[in-house]
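What follows draws every value from the coordinates through simple rules; no lab data is involved. This one's a predicted model, so the numbers in the text were calculated from it and none came from an experiment. Virtual Cβ from ideal backbone geometry, glycine too; neighbours counted across all protein chains shown.
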Amino acid sequence: MRVPVVHQQARRRRARYVRLLWNGAEVLVTLGVVLMLLVVHQLWWTNRQAREGAERKVQALEREWEGEGEEDGGAENEEGRAAVGGSGSGGGSESSRDGSGAGSRRAPDSASATDPRPRWTQAYAILTIPRLGLRVPVAEGISKGNVLNKGYVGHYPGTAQPGRAGNFALAGHRNTHGEPFRYINRLRRGDRIEVETPAAVYTYVVDRTLAQTSAGDGGVIREIPRSTVRAGYGYTDPGYYLTLTTCTPEYTSKYRLVVWGKLGSMRPR
């Protein structure tokens, strides 16, 4: 008895469709797993690695500076205090505390002059933001691979160094790779931000926030920071400024969030 050819062809077609569907499902499941692993890697693993690396670098800098302090001895510490203007505590007059006036303009530069010029991508300072529980290294440059992706904060080349007149401008990731600037939107006027170097600790005070501006708004990191995109945001007078920049909204890099501070005080190490 002959089996109809039509039925055999139909069964073969159905079998091919089943195999194609099965193979397609396997591919989709594999892609889903790969994408999930990529997300886990970006949102968890890179954060863990970068944070641990940044913490180790902070500890290494602290040990290095403590060793230098022991070698320098007490006499040089007295010289450092004298360079600040004789106050010994970094407090001084009211004009010195709020970063305005002739005395405060000389004192920070005197101490920061003893800090060596950092090499490219070198971690050379520590940024501390008490409100956020943040303590991370500051490195020269804003290279992703050699600075930002390590969980460090990067110093914009060409802007002022800590404690010097002008604008000490920094960049940091808001998401992934340690995300040190994840919550800088929570900073409020009057919050303290400390920058520690081998020579001194500079305390800046948060003054203003620019919630959103163009990624190309270079005015926010100029010597006198002032937005070239958002009229009225920024400053018009020379001073001792700190600028923090990061991406916004979260998980995008379309715009920039900016926090500005002014130098309030400094004390030698």
Extension gain, LYS144 back to GLU52 (0.36 nm per residue minus Cα-Cα distance, nm) = 31.4 nm
HIS155: net charge of surrounding residues, Cβ under 13 Å, Lys/Arg +1, Asp/Glu -1, itself excluded?
-> +1
Could you sort 160-173, 122-135, 46-59, 140-153 so that the peptide with the highest average Cβ count within 10 Å comes first and the rest follow in order?
-> 160-173, 140-153, 122-135, 46-59
Order the peptides 243-252, 226-235 from the highest to the lowest mean number of other Cβ atoms within 10 Å of their residues.
-> 243-252, 226-235
Going highest first, how would you order 9-19, 193-203 by mean Cβ packing within 10 Å?
-> 193-203, 9-19
Would you work out if the stretch 118-254 is rounded, prolate or oblate? Take a ≥ b ≥ c from the square roots of the eigenvalues of the alpha-carbon gyration tensor; rounded if a/c is under 1.5, else prolate when a/b is larger than b/c, oblate otherwise.
-> rounded
Residue-span extension gain [THR252 to ASN23] - 0.36 nm each, minus C-alpha spacing | 79.0 nm
Residue span TRP45 to ALA211: 0.36 nm per residue of separation minus Cα-Cα distance leaves a gain in nm of 56.9 nm
